[in-house]
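Just so it is clear, none of the values below were taken in a lab; they were calculated from the coordinates. On a predicted model such as this, the values are computed, not experimentally measured, just so you know. A quick note on method: Cβ atoms are made from the backbone with ideal geometry, for glycine too, and the neighbour counts reach across all protein chains shown.
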Amino acid sequence: MLELRVAAVATPCPGVRSLTLTGDGPLPSYPPGANIGLEWAPGRMNTYSLTPSPDRRDLVPGLDPEVYRVSVALRPDGAGGSRALHALAPGDRLRATTPRSSFPPVQTAAHHVLVAGGIGVTPVLAHVAWHAFWGNSFEVLLVARPAVAPHAEDLCRLAGDRLATAPDRTAMRALLERALRTAPWNSHAYTCGPPGLIAEVAVRAREAHWVDARVHAEPFVAAAPPGEPFTAVLRRTGRQVAVGAGESLLDALERVGVPAPRLCRRGVCGECVTTVAAGRVEHRDTVLDDDEREDQMALCVSRAAGESVELDL
Amino acid sequence: MTAAPDDVATYPFPLPHDTYRVSANVEEAGVERATEAGSWGARMLHAGDDHDAVVRKRRAILDAEPRRFVAAEHAREASWEALLWLLDRKAREQPGTVNLERDGAHHRWTDARIGVEQEFVLGDDASLPEHPLTFAGSQVEEDVVVLGARDGRLWLDAGLVVHASVWSIGFDAGMSFAELHRPVPGEDARRVFTTAERFLLRLHPGEAYRRLNWGLQLDDRPDLSLDTFGSWGARRAALDVVDPGREVHLRTEVQHLVKLPLTGSVLFLIGVRLLPLERVALVPAWANRLASVLETLTPETSGYKELDDLGPLAAAWLRDHAPT
């Protein structure tokens, strides 16, 4: 874990707070699209994409950074993480994980089509800074309503005329059509934004004969869709934990005081992967492969497929 | 026991048990490990008394056979990152004689021990006299391989390998991790490498691990690349050994695996350490374990490591000469 200090706060647009965080000396390097987990209450982590400084274009983005920058969209009805982070002031301290790669560029791509909506602009900004430094071929499509788009200016400075902005989803569809049907062979597309935008890109890409392996997405909506209630049986103690329809297995375990390692809470990091002793599982993660799913599950997003699941906990 | 000579005292003896099987056996890098004769492992890059000579010989092999270096075009960013990681690491491990100064993207590299001074601008290909990975691989004793991470798999994207042990970087270029390890026999080994690949893909940015591999060979030449098989293959088969204590060498490979933090590629370093049996025998515990391992190898592993004949020969010599 890193011990960070808030060096500066800013409000790039209504509802979004940007935090500049420092440590003792240079911080660990990070790849484009990486995130860090910020501890907003004891044991409670939210992950946020790291965005490099748009001011130092001569430096390799992400290398031995002096500061970490994150932008936090306020979710008034969320679990409290964004509210707590919006309340931070310069000088406040908080703990953070080291950077995790979750949404990297594909090194073999001939061209990168980056699509962003809302606060999803943050990892895309990191990709753009990377490609601009290395001279890679890229273009950016941004859904942004004037005055409420965070980092639109930073993006404009880094991407220049390779940025196209659409005020709404209909206009974005036209931009997507053109980009996906004119991009060179072996281009890759990356979308960060709300689920609707991600789905839109996936559909348009498939129509334009893109294979799925060249279409990447990072959803920023953390909450897993609810499911049926079930019972988790903890094999080591025989204890039974009821998991409600609206909560995750991980949340239920935390609620009753059973510690489980966890980080991203959206099935990508693999920290909470646990051995399943019995019971069928509805897998909702993106970290386990088919072999691993035979006897493991990600507690944060996956659920019992029946009435119960028995865990090696 | 009195203090062992330096090559023995710092030798990464690879066999912790009396039997051996293929395993992923990875552990955290940079951690000093005690042996019966001393310790090794605090540094990731080896630099013994003969450092300058080793670096020069490596360069001579490459200059004579440029095919010992390969790099896909898409490995450019990872190659630059590998260069930076290696120079930075060496400067940290040998302060005073090795130095990397940085001013923004501008770097000045000085290595007094091997007599190199070079300025370059990170990411500017024209600022170096050669490919960044060629330059990087010419500053260290280790062979250097860059494995790119794509589609949930690792791929051999680039490398400078002059000390291969019965493989060829030119032949392996572009292969997947599974393809690279296909010669290792047995279903268990296959599972080991599937697990190892998954482990490497999941490393967090900047994490570094290491593992040891080992074998026996008939002389002290570290270059057993298939590129030059014609110059050593016949002797190896003839097993024409007069003095096993001096001629037969334990070959230990110190393999480091670094998740490069910017590109997510895995930097794979292979350092070769050769020790003749007569020096292995200076440490009775090593001689006994090596003999025991050689006597109990499975036929598959023995065949893969080409120890069907050399193994018993070495074990018999060790049993005769190791002080008990």
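If you check A:Ala132, A:Ala159, A:Ala126, which single one turns out to be touching a Lys or Arg at 6+ places or on another chain (Cβ under 9 Å), part of a helix (DSSP H, G or I) and closer than 28 Å to B:Asp151 by Cβ? Please lay out each step first, then the result.
Values: A:Ala159 fails: touching a Lys or Arg at 6+ places or on another chain (Cβ under 9 Å); A:Ala126 fails: touching a Lys or Arg at 6+ places or on another chain (Cβ under 9 Å).
Exactly one residue qualifies, and that residue is A:Ala132.
Here is a yes/no grid of residues against (1) away from every other protein chain (no Cβ under 14 Å); (2) more than 27 Å from A:Cys156 (Cα to Cα); (3) in contact with a helix residue (DSSP H, G or I) (Cβ under 6 Å, 6 or more places away or on another chain):
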site	(1), (2), (3)
A:Arg17	yes, no, yes
A:Leu21	yes, no, no
A:Pro32	no, no, yes
A:Gly37	no, yes, no
A:Thr51	yes, no, yes
A:Arg57	no, no, no
A:Val67	yes, no, no
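Only one of these conditions is not met by B:Glu130: (1) part of a loop (DSSP other than H, G, I, E, B); (2) acidic (Asp, Glu); (3) buried (at least 22 other Cβ atoms within 10 Å of the Cβ). Which number is it?
(3)
When you go through B:Gly245, B:Gly215 one by one, which is the residue that is surrounded by fewer than 21 Cβ atoms within 10 Å (Cβ to Cβ), more than 20 Å from the chain's Cα centre (by Cα) and more than 13 Å from every other protein chain (Cβ to nearest Cβ)?
When all the criteria are applied, what remains is B:Gly245.
For the range B:232-239, check the following and say yes or no: at least one residue is buried (at least 16 other Cβ atoms within 10 Å of the Cβ) and in contact with a Ser or Thr (Cβ under 6 Å, 6 or more places away or on another chain).
Of the range B:232-239, the ones buried (at least 16 other Cβ atoms within 10 Å of the Cβ) are B:232, B:236.
With in contact with a Ser or Thr (Cβ under 6 Å, 6 or more places away or on another chain) added as a condition, the list becomes none.
Looking through the range B:232-239, none of the residues is buried (at least 16 other Cβ atoms within 10 Å of the Cβ) and in contact with a Ser or Thr (Cβ under 6 Å, 6 or more places away or on another chain).
Can you spot a residue in the range A:94-111 that is in a helix (DSSP H, G or I), touching a Phe, Trp or Tyr at 6+ places or on another chain (Cβ under 6 Å), within 19 Å of B:Ser265 (Cα to Cα) and within 14 Å of another protein chain (Cβ to nearest Cβ)? Can you show your working first?
Of all residues in the range A:94-111, those in a helix (DSSP H, G or I) come to none.
Within the range A:94-111, not a single residue is in a helix (DSSP H, G or I), touching a Phe, Trp or Tyr at 6+ places or on another chain (Cβ under 6 Å), within 19 Å of B:Ser265 (Cα to Cα) and within 14 Å of another protein chain (Cβ to nearest Cβ).
How do the pairs read when you match residues in the range B:184-208 that are on the phi < 0 side of the Ramachandran plot and in a loop (DSSP other than H, G, I, E, B) with residues anywhere that are of a type in the set (Ser, Thr, Tyr) and surrounded by 15 or more Cβ atoms within 10 Å (Cβ to Cβ), using Cβ under 6 Å and keeping only pairs 6 or more apart or on different chains?
Within 6 Å, the pairs are B:Pro185/B:Tyr304; B:Pro205/A:Tyr30; B:Pro205/A:Ser101.
Could you tell me which of the residues A:Glu66, A:Glu39 is surrounded by fewer than 22 Cβ atoms within 10 Å (Cβ to Cβ) and closer than 30 Å to B:Glu77 by Cα?
A:Glu66
Give just the number: which of (1) more than 16 Å from the chain's Cα centre (by Cα); (2) within 13 Å of chain B (Cβ to nearest Cβ) does A:Gly25 not satisfy?
Only one criterion is unmet by A:Gly25, namely (2).
Any residue in the range B:83-111 that's closer than 15 Å to B:Leu122 by Cβ and more than 10 Å from chain A (Cβ to nearest Cβ): show its pairings with residues that are of a type in the set (D, E, K, R) and not in a strand (DSSP E or B) at Cβ separation under 7 Å, as long as the two are six or more apart or on different chains.
Hits for this filter: B:Leu100/B:Asp88.
Which of the residues spanning the range B:112-143 are within 14 Å of another protein chain (Cβ to nearest Cβ) and more than 30 Å from B:Arg221 (Cα to Cα)?
B:Phe120, B:Val121, B:Leu122, B:Gly123, B:Asp124, B:Asp125, B:Ala126, B:Ser127 - these are the residues of the range B:112-143 that are within 14 Å of another protein chain (Cβ to nearest Cβ) and more than 30 Å from B:Arg221 (Cα to Cα).
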